[in-house]
Structure formats: structure tokens, C-alpha cells
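Written below as C-alpha cells is the structure these notes are about.
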Amino acid sequence: MNPGDDLSTRADVEERPPDGKKFTFPSALTILAAVTLAVWALAFLVPPGAYDRDGDGAPVQGTYHRVDSDQSFVDRLNDLFLSPVNGLYGVQDAETGEVGPDLAGELYGSAGVFLFVLAIGAFITVVFATGALDRGIGRLAHRLRDRGALLIAGVMLVFSLLGTVEGFAEETLGFYGLIIPLMLALGYDRMVATGTIILGAGIGVLCSTVNPFATGVASSAADVSLGDGIVLRGIMWVVLTSVTIAYVIRYANRIRRNPDRSLSGFLPGDRDHNTADAPDAAEPPELTRLHQAVLILVALVFAFMIFSVVPWAGALTGDADATPYGFELGWSFPQLAALFLVAAVLVGVVARFGEQRLSATIIQGAADFISPALVIVLARGVTVIMNNAQITDTVLHSIEGVVSGTSSALFAVIVFLVNLPLAFLIPSTSGHATLAMPILAPLADFAGVSRAVVVTAWQSASGWMNLWVPTTAVTIGGVALAKVGYDTYLRFVWPLLAILAVLICGFVALGAVWT
């Protein structure tokens, strides 16, 4: 999630260097404001054009043609001024295709996703306020403290599962104080702890199945269901998580046999903690019945979310056009927003928060998530400027020439590769998705590939980059907390990055052919 200002950010995690001593990367909001101005200016230079559309509104390949724009300079200034408003609740006129806040037609803005982000922010904040998740992970780590490989696998699996369903990433920063002493006590080094935490959560976000902060936003921008492509993403999650866990355990076993091979080395006192079974580790408090009830409720909520968005007929038969089963809900963002708002209240009631504390926590959760929600709005505002200037299809046509004639498998790999530099330049997962999907998703129609494959290729590129780029709080904050050099972490992780890149290309290529 992302993963800069990522949608998986639960609070603004910023490291502020001393004034005048170090460059700080701009926030996602600042970057998108600059992108808005740049796109608005470029719209004067890019010629307007349009594709013919089929009955579903998809562009028809080979029908691109230039059109005359009747926008005046004042009209364009108005689009720039209203871009955040249009990004939230702009409406697209069915006849002209123009987007504006006072037109009649279909909602073009991202109001549904905006509210959804705030709702799930409230839910996650309430869950963390109960202390159930933190204590549950702490109990797991303590129980496995004398079984090193199992401890690594267990923690990474839990982090990966949370990452794939809800974008668990920045929350891991709170676990270094627990995991590092345990790893040192078992004879490992600080790099093992760093890899366990960063890679455990990161691989889950990379293989997001229903992560609303990555897959959800991208699916909405691509105009497909959150459940489309979930089978491929599920298989990817199993395989890539297994490979990542095996990679960390292999390094850990090597360090345990020969500490001199440690990449990070040992700080004074680190080796003093080395014991066979960490007898000095303080046992976390037991899970209370209340904590158990909260954890069960959270699991049920996410399980129900998966059930509600999956197109079961298509997933089970392999036919995307299969008639939906009677039990399918076909939920989208409006229903999911309501689900998480109700779930937030339910968790608070179960945790006996009381009306005042529950209300305050829900409000605080929504407030904490206003930044990623605004990122979505600003990014959508950029597409409104392109739409009203009628240059979106022109940009699409220019990219069409690059991928035309490629096989479906090669097309999917190209989508992954193209998004790697974009993920670095636009550190916000939400902003990246909202900007790129309106261009990339129609290309899938030309290539005869499911748009869900484009979503999977995009999120894989974003997740892969966020395993190592220094603009993410998860990576740079994690290595700082672990007292491991960033360059040392890169030496540790680059072979895994190469392996994951090859596997991802294979999966998206297979997905393109399969669909």
C-alpha cells in the first residue's frame, strides 16, 4: 500500500532532517499539484482527438481521429480552478463527454472511493485502538521465540496476509522493538529482523488480492470489479510469499551457522542477547476474550468483503461473461464503504469503547486518512483536465502505437515495466493508480487482455518498487529503526528483487494469455 504518501499510510510518518542539511522528497499532494499544472500547460500543445466507442464505452482500435476543441482560454482556466472539485464529484455529460460539477450524467469524480478510504481508515483505526492486533502478533512472536525459522515464517505470513487484504505496511514500524531482540536472542542479526518486517508486509502489498488501497483504487480507475483477477493475484500471493519467506530464512540460517557472514554486522551488545531459547524475553500479556472477539470479528469482516466482491461464476467457470450465481452480491465501493463504517462501530461496541471514545476514534481514523483520500481526488482532477481538453485519447493513441502488434503476454510484461519508473516518480500508490489506469486500462482492450491483468501488473510494479525505494516510510524508516544501513539493505534485497521481477513477469504474462 505503497506504499511516499501511500494509501497504506495510517498516519503521516515523516522523517524531518535538520533544516538546510538534506533534501526532502515532496509529498504526494505537492507532486500531484505540480502534475496538475504541467498537464494543464501541456494540454495547449497536445492536439485533441477521440476514438469511436463501442456499446460498453471502450475505445475501438483504429478509429482515432483529430477533433476540434471549442474550449477557450477562460474555459481551460476554469477547468484548472475546479480540478479538485471535479476530481471529487464532477459529472460527465452523456452527449458532450465534458465533466463539470453542475452537469447531468454519470459521476466521473472519485467521491465513492474517497468515502471508502475514509471509512476503512476509521475501521482500521478502531481496530488498532483495541490493542488486539498488536497483542496477537506479540503473542505469536513470543510463542515461536525458540523456533527461529518458524518464527520468521509465522511473522512474515501474518504481515503478508494483512498486507494483501488491507495494505498493512507503515503499521509494521511499531514492531521493530519486539522483533529485533527476539531475532538477536536466536542468534540472528538485525538484517533478519529488517527483512522479516519489511519484506513480510511488502510482499503482501505487492500481491494485493483485495487491498482497497491498491487493488481497490486501481480497479475503480480501470472500471472493473475489485474481485476481477483475484484468482491470479491469489496464486501470486501464495508463490511470491513462499519465495520471500524462504529467501529470508535461508539468509537467517547462514548467519546462525556463521555470524561472520552477516551483512549488517553486530552492534555492541547484540551478541550478548544470543541464547538458545530467549529465556529473558518478557512474555506479552495473554489475549483477553475481548481481544479474541475483536480479532475474530476483523477476520470475518475481511472474509465477507472478499466474498462480496468476487464474481464467483466467472472465477469458478473461467468465463468472464458467465451468468452470476444467485448468491453473488457484486458489491462495489458504496456498499464496501458502508460495510466498514458499520464494522468500525461494531468493533467499538464489542471492545466496549463507549459512545464518546468510539465517536472520537472514528473521527480520528477518518482524519488520519484524509491525506491519501485527497491524493485520489487530485489525481482524478488531472484526468478531468485531460478529458475536457480532449487529449486523453491522443495520449492513448500514442501509446497504442508502441504496444500494437505485441502478443498479449508481452503486452502484460510491458505494462509492468512501464509502471516501474512511474512508481518511483509518483510515490503515492493512489495517485499513481488514478493517473495511469485511465490510459493503461483501454490499452488492454486493444490487446485483447482483461483489464484486471493491467491492474495486477500495475500493483506488482508499485509493490516491487516499494520494497526498496528510499521515498517510502516503510523502507527508510524501517532500516533506521533497525540501525541497518540503507546501502546494506540494498545488498541484502537485490537478489530477491531480481527473482521477484522474473516471477511477476511470468505471472502477468500467464494471466494475459489465460484471460
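The values are calculated or read from the model by the stated rules, or taken from the named source; none is laboratory data. This one's a predicted model, so the numbers in the text were calculated from it and none came from an experiment. Because the Cβ atoms are built from the backbone with ideal geometry, glycine has one as well, and the counts that use them run over all protein chains shown. Areas reflect the complete protein model, heavy atoms only, side chains present, ligands, DNA and RNA absent. Shrake-Rupley method; radii C 1.70, N 1.55, O 1.52, S 1.80 Å.
Couple of notes before you dig in:
- Verdict on VAL217 being surrounded by fewer than 24 Cβ atoms within 10 Å (Cβ to Cβ), of a type outside the set (Gly, Ala, Ser) and in contact with a helix residue (DSSP H, G or I) (Cβ under 8 Å, 6 or more places away or on another chain): no
- So ALA409, is it modelled with pLDDT of 80 or more, under 19 Å from ALA461 (Cα atoms), in a helix (DSSP H, G or I) and more than 23 Å from the chain's Cα centre (by Cα): yes
- Condition met for VAL298 (at pLDDT 90 or above, open to solvent by 20 Å² or more (accessible area, probe 1.4 Å), β-branched (Val, Ile, Thr) and part of a helix (DSSP H, G or I)): no
- ALA221 falls short on exactly one of the conditions (1) more than 23 Å from THR434 (Cβ to Cβ); (2) at pLDDT below 85; (3) assigned to a helix (DSSP H, G or I), and that condition is (1).
- Residue list for the range 347-360, filter: within 15 Å of VAL298 (Cβ to Cβ) and assigned to a helix (DSSP H, G or I): VAL347, GLY348, VAL349, VAL350
- Against the criterion of being open to solvent by 10 Å² or more (accessible area, probe 1.4 Å), among the small types (Gly, Ala, Ser) and within 28 Å of ASN258 (Cβ to Cβ), GLY177 qualifies.
- Of the residues making up the range 126-152, those that are assigned to a helix (DSSP H, G or I) and open to solvent by 30 Å² or more (accessible area, probe 1.4 Å) are PHE128, ALA129, ASP134, ARG135, LEU140, ARG143, ALA149, LEU150.
- Residue count for the range 369-398 under the criterion of being in a helix (DSSP H, G or I) and open to solvent by 50 Å² or more (accessible area, probe 1.4 Å): the result is 4.
- Criterion violated by LEU103 - all others in (1) surrounded by 22 or more Cβ atoms within 10 Å (Cβ to Cβ); (2) more than 19 Å from the chain's Cα centre (by Cα); (3) part of a loop (DSSP other than H, G, I, E, B) satisfied: (1)
- Residue that is modelled with the highest pLDDT, among those in the range 67-90 that are outside any helix (DSSP H, G or I) and exposed (fewer than 11 other Cβ atoms within 10 Å of the Cβ): SER72
- Restricting attention to the range 479-488, the residues that are under 17 Å from ILE179 (Cα atoms), in a helix (DSSP H, G or I) and at pLDDT 85 or above add up to 2.
- Which listed residue, of PHE116, PHE168, is in a helix (DSSP H, G or I) and surrounded by 17 or more Cβ atoms within 10 Å (Cβ to Cβ): PHE116
- Taking (1) more than 22 Å from ILE249 (Cβ to Cβ); (2) assigned to a helix (DSSP H, G or I) in turn, VAL469 satisfies each apart from (2).
- SER430 touching a helix residue (DSSP H, G or I) at 6+ places or on another chain (Cβ under 9 Å), modelled with pLDDT under 80 and either assigned to a helix (DSSP H, G or I) or surrounded by fewer than 24 Cβ atoms within 10 Å (Cβ to Cβ) (or both): yes
- Meets criteria (out of contact with any strand residue (DSSP E or B) (no Cβ under 9 Å at 6 or more places or on another chain), more than 14 Å from GLN390 (Cα to Cα), surrounded by 19 or more Cβ atoms within 10 Å (Cβ to Cβ) and not aromatic (Phe, Trp, Tyr)) for LEU37: no
- Condition broken by PRO212, with the remaining ones in (1) open to solvent by 10 Å² or more (accessible area, probe 1.4 Å); (2) farther than 30 Å from LEU267 by Cβ satisfied: (1)
- Number of the condition not met by ILE197 [criteria: (1) assigned to a helix (DSSP H, G or I); (2) touching a helix residue (DSSP H, G or I) at 6+ places or on another chain (Cβ under 7 Å); (3) modelled with pLDDT under 85]: (3)
- Checked against (1) in contact with a Leu (Cβ under 7 Å, 6 or more places away or on another chain); (2) surrounded by fewer than 19 Cβ atoms within 10 Å (Cβ to Cβ), MET191 passes all but a single condition, namely (2).
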